[in-house]
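The values are calculated or read from the model by the stated rules, or taken from the named source; none is laboratory data. Keep in mind that what you see is a predicted model, and the values were worked out from it rather than measured. All Cβ positions, even for glycine, are placed from backbone atoms using ideal geometry, and neighbour counts span all protein chains on display.
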């Protein structure tokens, strides 16, 4: 029997598998639905190239989900990485930490527990990184598995954006990961090396594959979790067109905020009425999928007379408390640039539900963006600021200007609405008396034993920065709790 079975070889799962298998007496098995390559050079070129986003319509390494972005009927599609390394193997390589204010809010959700305070999680952030620019500075790491660097030769578009922000009056931030609460414009820390995207698969997992106590199984779909009473004891999987059961002493779900939640629901952990309607036997009632958050994004399209340069999709950002303005260097429409205006601490929250007990049918995902007046107000103000910056850049707008009356402006927001694809919180963390909580502060599922969720699913508050660095930190933090418990066969804390 495996000591720890990890479902999902994405950003968090690769970290956990590598860290937990450092103890040679502890057996670890990692299950991944997508492909596995055992050396960095074996990865397809599209996944290695940090200057591209390998998420085209024909990309074979993606989960694809239809979503409803708002109650006004705005529909969309989102993707997640279905490959070793998960979404970190296909994203824009943005590696910015969450802010100290985020962790203050997170700790308040746990009655001011220190487990997720900024001071408590900072060592985990530092362990993860090898910051080639600021590794010798306080608050940083210089020997971790993930290289972190900022563009040394920014594209002309990025330089023009930074210059325009300064002209409008915004200060420069030398290091977004040193003072994450700062306002102003700064270069984006990226997890790249020699032009290559470095996911946790190549940074953490691949160097650990030779360990005899670590097994990694690719192309494996986990259908449901098996329970004996209230204890998780194994999972049913589909592999090579056949079904089998894998038994384990402890099961960790690290399949991401969508698939971890969907697996719990398929396994009978969720809203009892909803599960019965799908003929799923109820194992334990829990608010799985009842709340999630994501970053709504308004896109302004423009043309700019600037030479093109192959670079990471995002080199600079303007941080304005709960707003992040993003001058993308990639052209999502040929010849047209996009300025993204993202609300990072929205009050609107979404819901995830199953459509079917069949794992091949994606869940229903309703973001419910812009349902809170606060969110509409903040985005209206942010659009006005972004328009100032574009004017300073001498950019030619390709998007109709936002009208001034608030009701008309709100319709304009819906017409230009998109998503940052940073969905989190479907298995929200909280105390045993919190009727919104699925897991406790150590990521153990309330009311069950032998089962944890360790990925972006557990975050109980909106994060003010993109989630990749924080997802790595979550896994590092929980692996560290496990190792400090003695590293034996079982652990009461994981």
>> For a quick check of your reading of the model, give me the residue pairs whose first member lies in region 306-333 and is free of Cβ contacts under 8 Å to residues at least 40 places away in the same chain, whose second is part of a loop (DSSP other than H, G, I, E, B), with beta-carbon atoms closer than 7 Å and at least 6 apart or on different chains.
In response: 326/314; 328/313; 328/314
>> I need every pair where a residue in region 88-110 that is without any contact (Cβ under 8 Å) to a residue 60 or more places away in the chain has its Cβ under 6 Å from the Cβ of a residue that is in a helix (DSSP H, G or I) and surrounded by fewer than 22 Cβ atoms within 10 Å (Cβ to Cβ), sequence separation at least 6 or different chains.
In response: 103/118
>> Tell me the residue from 206, 214 that is more than 26 Å from residue 393 (Cβ to Cβ), buried (at least 20 other Cβ atoms within 10 Å of the Cβ) and over 24 Å from the mean Cα position of the chain (by Cα), please.
In response: 214
> If you go through region 149-161 one residue at a time, how many are surrounded by 21 or more Cβ atoms within 10 Å (Cβ to Cβ) and in a helix (DSSP H, G or I)?
Replying inline: 4
> When region 381-430 is examined, which residues are found to be in a loop (DSSP other than H, G, I, E, B) and within 24 Å of the chain's Cα centre (by Cα)?
Replying inline: 416, 420, 421, 422, 423, 425, 426, 427, 428, 430
>> Taking the condition of being touching a helix residue (DSSP H, G or I) at 6+ places or on another chain (Cβ under 6 Å) and free of Cβ contacts under 8 Å to residues at least 12 places away in the same chain, how many residues in region 1-55 meet it?
In response: 0
> Quick one: in region 469-492, which of the residues that are touching a strand residue (DSSP E or B) at 6+ places or on another chain (Cβ under 8 Å) and at pLDDT below 95 is surrounded by the most Cβ atoms within 10 Å (Cβ to Cβ)?
Replying inline: 491
> On the given criteria, is residue 34 surrounded by fewer than 24 Cβ atoms within 10 Å (Cβ to Cβ), modelled with pLDDT of 95 or more, within 20 Å of residue 63 (Cβ to Cβ) and touching a strand residue (DSSP E or B) at 6+ places or on another chain (Cβ under 6 Å)?
Replying inline: yes
> In region 366-380, which residue that is under 18 Å from residue 342 (Cβ atoms) and outside any helix (DSSP H, G or I) is nearest to the chain's Cα centre (by Cα)?
Replying inline: 367
> Among (1) under 30 Å from residue 268 (Cβ atoms); (2) crowded, with 18+ Cβ neighbours inside 10 Å, where does residue 323 come up short?
Replying inline: (1)
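Among the residues of region 354-383, which ones are under 30 Å from residue 155 (Cα atoms) and surrounded by 14 or more Cβ atoms within 10 Å (Cβ to Cβ)? Break it down into steps so the answer makes sense when it comes.
Just the residues of region 354-383 that are under 30 Å from residue 155 (Cα atoms), to begin with: 378-383.
Passing the criteria: 378, 379, 380, 382, 383.
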> When the residues of region 431-468 are filtered to those that are assigned to a helix (DSSP H, G or I) and either without any contact (Cβ under 8 Å) to a residue 40 or more places away in the chain or touching a strand residue (DSSP E or B) at 6+ places or on another chain (Cβ under 6 Å) (or both), which remaining residue is nearest to residue 264 (Cα to Cα)?
Replying inline: 458
> Residue check, residue 62 against (1) surrounded by 19 or more Cβ atoms within 10 Å (Cβ to Cβ); (2) within 17 Å of residue 421 (Cα to Cα); (3) in contact (Cβ under 8 Å) with a residue 40 or more places away in the chain, all met but one. Which one?
Replying inline: (3)
